[in-house]
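What follows is a short report on a single structure.
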């Protein structure tokens, strides 16, 4: 893989609103459920993330407005046509569009223009907030979700290397060490019996009750005690993602305990944490519910923690090549490091919600 890709980044995030990665209609109790992975856990597909960031790029660089006046905007579909961007007389004027079309690629119907420079993994949801009947607020995860986080880190380290430092010099870890610790924790957590869970951090009491689930808590085994810092690194970065560069308010993530539930309880427990909203559409004349206009939507709760890997390909599409030949330097690192928010919704995605992110 490292031969195909030249650089890699981690995109760690925290939802600041409830998030709905749309899966279309479902015949079940929930009409509009969230997308789920093969294990039944919520996930935000890579296409949704990439589409949201492509929209952000097109808007922030004024590419859409520019193309509307320079014959490279498909008004019927509401999308920029990258194949026409390379045909403009002065490429420097189209520098914003060149960046977006190079990094995120053209539309599928544009034919042989080439793939995007950036590739994304799915954005996994690796921990969800929960408040117990005992009054404890914590993050909840499962062995399966931790393994998915390990997979994201593995993709990252295959390109960036195991010695790449994640987090600050004082409180961070090398990527390889972080990967190893999370992998060991996940492996050990698979041995948990139903009704039992590991606690990481300060939790008053040894019981954590949410609805029908009463979990008996125990500390991580002694041989994993040095791996507690791995959880802290992720929480610190999520905290930084939430507040961004503008400052830091009261801690909302850092310092929160983490509860690792058994895989036997995992999917059901996580389902209890999802937000379900019933909506109606009223008739204006009678103020009654219109026929067929009652439905239920499902959301990943705000302040859930997410992670994805972003890779830069060594290959260039036609727009990248044309930009380089005309003196336009498309810097993927600068572009990604400028991203602090992923807004799901709009023309390139069926989802909705806002996620604050930090790219490292």
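The values are calculated or read from the model by the stated rules, or taken from the named source; none is laboratory data. Remember, predicted model here, so these are calculated numbers, not experimental data. In this analysis, Cβ positions are derived from the backbone assuming ideal geometry, glycine residues included, and neighbour counts consider all displayed protein chains.
Worth pointing out:
- Listed by first and then second residue, the pairs with beta-carbon distance under 8 Å, at least 6 apart or on different chains, first residue in region 325-339 and at pLDDT below 95, second in a helix (DSSP H, G or I) and loosely packed, with under 13 Cβ neighbours inside 10 Å, are 326/92; 327/92; 328/92.
- Leading residue by the ranking (nearest to residue 31 (Cα to Cα)) among those in region 266-285 that are crowded, with 20+ Cβ neighbours inside 10 Å and touching a strand residue (DSSP E or B) at 6+ places or on another chain (Cβ under 8 Å): 270
- Looking at 267, 254, just one residue is in contact with a helix residue (DSSP H, G or I) (Cβ under 6 Å, 6 or more places away or on another chain) and either over 18 Å from residue 147 (Cβ atoms) or not in a strand (DSSP E or B) (or both), and that residue is 254.
- In this structure, residue 259 does not satisfy being in a helix (DSSP H, G or I) and surrounded by 19 or more Cβ atoms within 10 Å (Cβ to Cβ).
- Residue check for residue 249: without any contact (Cβ under 8 Å) to a residue 40 or more places away in the chain, over 17 Å from residue 126 (Cα atoms) and either more than 21 Å from the chain's Cα centre (by Cα) or part of a helix (DSSP H, G or I) (or both): yes
- Filter pass, residue 155 being under 21 Å from the mean Cα position of the chain (by Cα) and farther than 19 Å from residue 275 by Cα: yes
Residue-wise test of (1) in the same structural domain as residue 338 (by TED's automatic domain parsing); (2) within 22 Å of the chain's Cα centre (by Cα); (3) at pLDDT below 95.
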position: 12; (1), (2), (3): no, yes, no
position: 23; (1), (2), (3): no, yes, yes
position: 26; (1), (2), (3): no, no, yes
position: 70; (1), (2), (3): yes, no, yes
position: 74; (1), (2), (3): yes, no, yes
position: 87; (1), (2), (3): yes, no, yes
position: 116; (1), (2), (3): yes, yes, yes
